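Engineer: Okay, here's the structure, questions in a sec.
The values are calculated or read from the model by the stated rules, or taken from the named source; none is laboratory data. Because the structure is a prediction, the values reported are computed rather than measured. Neighbour counts run over all protein chains shown; Cβ positions are idealised from the backbone, glycine included. SASA here: full protein model, heavy atoms, side chains in, ligands and nucleic acids out. Shrake-Rupley method; radii C 1.70, N 1.55, O 1.52, S 1.80 Å.
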Amino acid sequence: QVQLVESGGGLVQPGGSLRLSCAASGSIFSIYNMAWYRQAPGKERELVAIITSGGTTNYADSVKGRFTISRDNAENTVYLQMNSLKAEDTAVYYCNAVHLFRNYWGQGTQVTVSS
């Protein structure tokens, strides 16, 4: 069992930055592939970024060059650095952990980009 707790969301102006954190507990964090998803009102949840247990990263086209996913296995934490934020980045952001048949979600953190 893995518990995931996101933090770092909030209100930011267009062009600003935020860093989301996802703290994991309850299992061996380093074996999990970790990802950030987001869900905007009226839209389906979409993958934003993923980092594998080996450190390989991949991003949605909409965030490439602006967002960076990273992990600290010693701290059992995954991060999402978001720069040059746009109004269309407004969503609830969810942390996800996957290993084999195990799939866990956090409760989400709201990110609002507005002037």
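Engineer: Describe numerically, in nm with one decimal, the distance between label points set 7 Å from Cα along Cα→Cβ at SER84 and at SER27.
Structural biologist: 3.6 nm
Engineer: A further question follows. Based on the alpha carbons, how large is the Rg to Rh ratio for the chain when Rh follows Kirkwood?
Structural biologist: 0.95
Engineer: So for the chain, averaging the separation of alpha carbon pairs under 8 Å that are six or more residues apart and normalising by length, what relative contact order in percent results?
Structural biologist: Relative contact order for the chain comes out at 37 percent.
Engineer: How would you classify region 1-43 from its alpha-carbon gyration tensor, with a ≥ b ≥ c the square roots of the eigenvalues: rounded for a/c under 1.5, else prolate if a/b is greater than b/c, otherwise oblate?
Structural biologist: prolate
Engineer: For the chain, with all protein chains present and a 1.4 Å probe, just round the carbon and sulfur fraction of the accessible area to a whole percent.
Structural biologist: 47 percent
Engineer: Given the Cα-Cα distance of ASP61 and LYS43 and 0.36 nm per residue of separation, how much length would full extension add, in nm?
Structural biologist: Contour length minus Cα-Cα distance gives 4.8 nm.
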